[in-house]
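Trainee: Take this structure, written in structure tokens, and hold onto it; I'll ask about it next.
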Amino acid sequence: MPELTGAQILWECLAREGVDTVFGYPGGAILPAYDALVDAPIHHVLVRHEQGACHMADGYARASGRVGVVVATSGPGATNLVTGLATAMLDSTPLVAITGQVGSGLLGTDAFQEVDVTGVTLPITKHNYLVTRAEDLAGVLREAFAVARGGRPGPVLVDITKDAQQARAAFDWDAAAPKRQHRRPTPQASIADLDQALAMLAQAERPVILAGHGITLGGARDVVQRFAESQDIPYACTLLGLGALPATHELALGMMGMHGEAWVNQAIQEADLLLALGMRFDDRVTGKLSSYAPKAKKIHVDIDRSEFNKNVSVDLAIHGDVQSVVEGLLAQATPRERPDWRARLRALRGDASVRDIQSLPDHGVLYAAHVIHDLWRLCPEATVVTDVGQHQMWEAQYWRHEGERSLITSGGLGTMGFALPAALGAQKARPDQEVWVVAGDGGFQMTSCELMTAVQEGLPLRIAVINNGFLGMVRQWQEFFYERRYAASPIQSPDFVKLAEAYGLTAFRVDSRGQIAEAVAKARAVTGPSLIEFRVQQEDSVFPMVPAGAALDEMIRRPAPSVLAETGADTA
Amino acid sequence: MTESHCILALLDDEPGVLDRVAALCRRRAFNIQSLTVSPASEPGASRMTLVVEATEIGARRVVAHLEKLVNVQSVDLLQSGDLARDLCLARVACGPAARPAVLQLAEVFRARVVDLAADSLVLECTGNRTKVDRFIEVLRPYGLLDLGRSGAVAMARNSEPLALGIPA
């Protein structure tokens, strides 16, 4: 039995768990681990801020389906992970965070850089551990990875005291196998549940599938698509469900919810059956609960049964992973067609297209939605990582995501500053994939220091900064709901081109729609990272919009072009 | 309609487990009426009885959330016919004149005298929550000098409760 230091055990376990890259920042209490890293077969990405490291591990995990790993020191290093852990928790990303901790003899004494990080992160991790003995390390790490991956995935934090990193212990991989996993076997849907679901489906005339992130996490894309085709059921996606099923399929409706397309929300309100797969009826999805899908019976399939009946009362809750449940349904369902329902949905969709910003002449104004639409046309195969705000919603509306994991975005927590570091992680996980950052001028400035990390790593990231001079979504809410009192929403920015060049990127600026294609072609030809600043219309809004607390079909719609022409609102 | 629901859980006996249960209940706004933890008969395990004020669906959600905690071994939502017992210790102001009446009440509730002083006595009473509540109410006119209650300790019945019921 080899005897290793705790630090050596750490890297040995990570390597055996399949980790090839970690994102981190060194410091006093984690120094023994960093010393042993020199001899480990693991690449370390040095970030500029630990929050960035956590988002990178998150992006790495979302792009690849593997567990992302972030490393930080004690105290401020660990507390800087908090936003990233909460982001991963809300979006069910499998993550393992390793933090250094002061020596076990100093615990509880307010020692230099001591923070009770297991206490701080208790509500924003799936589980966490404080390890004070080297001999406990292997067992804890193996369980940490199993917990992060298992069931509904999530972040796990392992806090390791400095002396536990330094002490030596026998290393026995097999003996350290996780022992508590048998308590939570993968739930299996009962025959009775499947039969009831099939009976409800057979009676439904106007069913809609609500497709969530759980389809991707559960590897259920193929079977759900085949089931939708067999039953002729259109599907609407949550924000994180975009890309879970192909967007240009004839059954694809688009995104639901607050900024979902009008016909999607209308379809949900008219449906007589909702089949919710791996989604959680978030308030941004349902609008006012008392008037949500009033005519629909609801079937909810999820691997996490604490989500059942949380926001929306359902008629049938099936506890299981989406893949096996839908396989069970598909095996027994008789194929059918629903021409009337499909015709009704086509009619709903027709009305929306005249209001679509794609139909608007630009009059020389650069619309953010046009930028995103053109980016999609030029780079349809790219993975897109967005920040949070207006550009995020336009991306969700105008970028048609065909492939799985082709959109990475902070949905549940809505973390500004997520895009650049998460894209870095995604690029690291999939080096051959074209990765685009789409960020606003506000969020981009929150974590723009990670540009240097991209340069140091030599990553060919493509970055689109959508600059409208405002915290756009805040401004939009102020316009609609706060009488245009623009409190703290106008924001100045540095010259993004010069900023990027100072970091060593190649950068371009675009002011009109005609320049987009050439700038994108130039940006894509650069060997390292490149950036394009798009100076867009300052006071455009995301339509349609369901105001917070309103019913899904009470949407604020984009004025039709004829109205715009009369009021001159389009000739800014 | 909200009512009391009794939840029984076996937990790994390790530091921080109680923190996790308490933090979960706080974060999800579950209303805890009582929480008792003690070593379980199985080595390395603690036994927790949690009483929450919730709807039936709410109580099931508490169970579903508890099941997600890594160091929770098992969780059961007890039924109304299952066993749940509180313990209370009550120090009653009671000189020689009042003593016979208080002792008579104690006998009605099958309470025991565990401390006796010239002007007070301490009674120990176990029973379901309702019984203990009533016991305290009948003592209150005499003057309650101190009161300690344990919160429920519970156990599922193995079989259907007898039609007549066994008095608590």
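Bear in mind that the values in this text are calculations on the coordinates, not laboratory data. Remember, it's a predicted structure, so these values are computed and weren't measured experimentally. Using ideal geometry, Cβ is built from the backbone for each residue, glycine included, and neighbour counts are taken over all protein chains shown.
Trainee: Identify all aspartates and glutamates with a Cα-Cα distance to A:K522 below 14 Å; exclude those on the same chain that are fewer than 8 residues away in sequence.
Mentor: Excluding near neighbours in sequence, the set is A:E533.
Trainee: Take peptides A:421-427, A:390-396, A:180-186 and line them up by average Cβ neighbours within 10 Å, highest first, as a rough protection proxy.
Mentor: Per-residue Cβ counts within 10 Å, averaged per peptide and sorted highest first, yield A:421-427, A:390-396, A:180-186.
Trainee: Next question, about the same structure. Is the range A:191-351 rounded, prolate or oblate when judged by the Cα gyration tensor, a ≥ b ≥ c being the square roots of its eigenvalues, rounded requiring a/c under 1.5 and prolate requiring a/b larger than b/c?
Mentor: Rounded.
Trainee: Charges only on Cβ, +1 for Lys and Arg, -1 for Asp and Glu: so what's the dipole of chain B about the Cα centre, in debye to the nearest 20?
Mentor: Using only the charged Cβ atoms, the result is roughly 300 debye.
Trainee: Can you compute the helix-only [θ] at 222 nm over chain B? Use -39500 (n - 2.57) per DSSP H run of at least 4 residues, normalise by all residues, nearest 500 deg cm²/dmol.
Mentor: Rounded to the nearest 500, the figure is -8000 deg cm²/dmol.
Trainee: Among rounded, prolate and oblate, which fits chain A when a ≥ b ≥ c are the square roots of the eigenvalues of its C-alpha gyration tensor, a/c under 1.5 means rounded, and a/b larger than b/c means prolate?
Mentor: It is oblate, given that a/c is not under 1.5 and a/b is not larger than b/c.
Trainee: Say the dipole of the range A:331-479 comes from +1 at the beta carbon of Lys and Arg and -1 at that of Asp and Glu; which of A:L378, A:I466, A:Y398 then lies farthest toward its positive end?
Mentor: It is A:Y398, whose Cα lies furthest towards the positive end.
Trainee: Could you work out the relative contact order of chain A? I mean the mean sequence separation of Cα pairs under 8 Å and 6+ apart, divided by the number of residues, in percent.
Mentor: 14 percent
Trainee: Placing +1 at every Lys and Arg Cβ and -1 at every Asp and Glu Cβ, with all other atoms neutral, what dipole size does the protein assembly as shown have around its Cα centre, in debye to the nearest 20?
Mentor: Computed charge dipole of the protein assembly as shown: roughly 1040 debye.
Trainee: Of A:V536, A:F480, A:A523, which is farthest towards the positive pole of the range A:478-554's charge dipole, taken about the Cα centre with +1 and -1 on the beta-carbons of Lys, Arg and Asp, Glu respectively?
Mentor: It is A:A523, whose Cα lies furthest towards the positive end.
Trainee: Expressed as a whole number of Å, what is the distance separating the alpha-carbon centroids of the range B:43-111 and the range A:51-74?
Mentor: Using only Cα atoms, the two centres lie 44 Å from each other.
Trainee: Right, another one. Which Cα, out of A:I556, B:P96, A:T216, lies furthest along the positive dipole direction of the protein assembly as shown (beta carbon charges, K/R +1, D/E -1)?
Mentor: It is B:P96.
Trainee: In addition: With the cut-off at 1.5 for a/c, could you classify the range B:83-155 from its C-alpha gyration tensor as rounded, prolate or oblate?
Mentor: Prolate shape, in that a/c is at least 1.5 and a/b is the bigger ratio.
Trainee: While we're here: Using the structure shown, select from A:K179/A:K298; A:K126/A:K310; A:K295/B:K68; A:K428/A:K498; A:K288/A:K428 the pairs with a Cα to Cα distance greater than 29 angstrom.
Mentor: From A:K179/A:K298; A:K126/A:K310; A:K295/B:K68; A:K428/A:K498; A:K288/A:K428, over 29 Å: A:K179/A:K298; A:K295/B:K68; A:K288/A:K428.
Trainee: Which whole number gives the average, over all residues in B:60-72, of C-beta atoms from other chains lying within 10 Å of the residue C-beta?
Mentor: So the per-residue partner count for this stretch is 5.
Trainee: Full extension from B:L103 to B:E124: what is 0.36 nm times the residue separation minus their Cα-Cα distance, to one decimal in nm?
Mentor: 6.4 nm
Trainee: First select every other residue whose beta carbon is under 10 angstrom from the beta carbon of A:A170; then total the charges, Lys and Arg +1, Asp and Glu -1.
Mentor: -2
Trainee: Provide the net charge surrounding A:E205, with neighbours chosen by a C-beta distance below 14 Å and charges set as Lys +1, Arg +1, Asp -1, Glu -1.
Mentor: So the surrounding residues net to +2.
Trainee: State, as an integer percentage, the relative contact order of the range B:3-77 based on alpha-carbon contacts under 8 Å between residues 6 or more apart.
Mentor: 47 percent
Trainee: To continue, here is another question. Can you tell me, using C-alpha contacts under 8 Å and at least 6 residues apart, the relative contact order of the range B:36-168 as a whole percent?
Mentor: Dividing the mean separation by the residue count of the range B:36-168 yields 31 percent.
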